[in-house]
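Every read-out reported here was derived from the displayed coordinates using simple, explicitly stated rules and does not represent laboratory data. Keep in mind that what you see is a predicted model, and the values were worked out from it rather than measured. All Cβ positions, even for glycine, are placed from backbone atoms using ideal geometry, and neighbour counts span all protein chains on display.
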Amino acid sequence: MSEQQSNSNNQLVVQNSGSLSFSSHLSKEDEEMSRSALSTFRAKEEEIEKKKMEVREKVQFQLGRVEEETKRLATIREEFQELEALADPMRKEVSVVRKRIDSVNKELKPLGLSCQKKEKEYKDALEAFNDKNREKVQLITKLMELVSESERLRMKKLEELSKNIDSMQMQ
């Protein structure tokens, strides 16, 4: 039989039986190749299995570390909660007062602006008042001068008239 027929017979036997058993038609060389291939396959399988076990061990090791770290984290969280509770027993009251301060600050801002605006209005009004007061004083001074001048002139006129009347009576 030719080598091609032998291989096809081997394939038929493998396909039919579902195993790696070979028919008796195999030559010694074919058997040796089959054993070598089988042994290489087994070696590869063992190597794969060994690597698989190594990876499994590494994963188990990492899972163990993760569990330890999870326990540590839980402990830290508990301690943190205790610390928060101890740190500020008046935290709620402080928070309420801070919020109230913020609220008052928000109310103060427009009041401050209103105050500044009214101060400016007051200063402007005071300046206008002072200006008008100075003008009034000047006008009163002017009036006093005019009245004085008018009285002086009237007196002078009266004196002249009086002299004229006196001088007319004497004649």
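A few comments on the model shown:
- One equal scatterer on each Cα of the range 101-171, no solvent, Debye formula: the resulting log10 I(q)/I(0) at q = 0.19, 0.23 Å⁻¹ is -0.86, -0.96.
- When both the range 155-171 and the range 134-154 are represented by their alpha-carbon centers, they are found 28 Å apart.
- Label-to-label distance, nm, for residues given as Asp30 and Met53 (7 Å Cα→Cβ offset): 3.6
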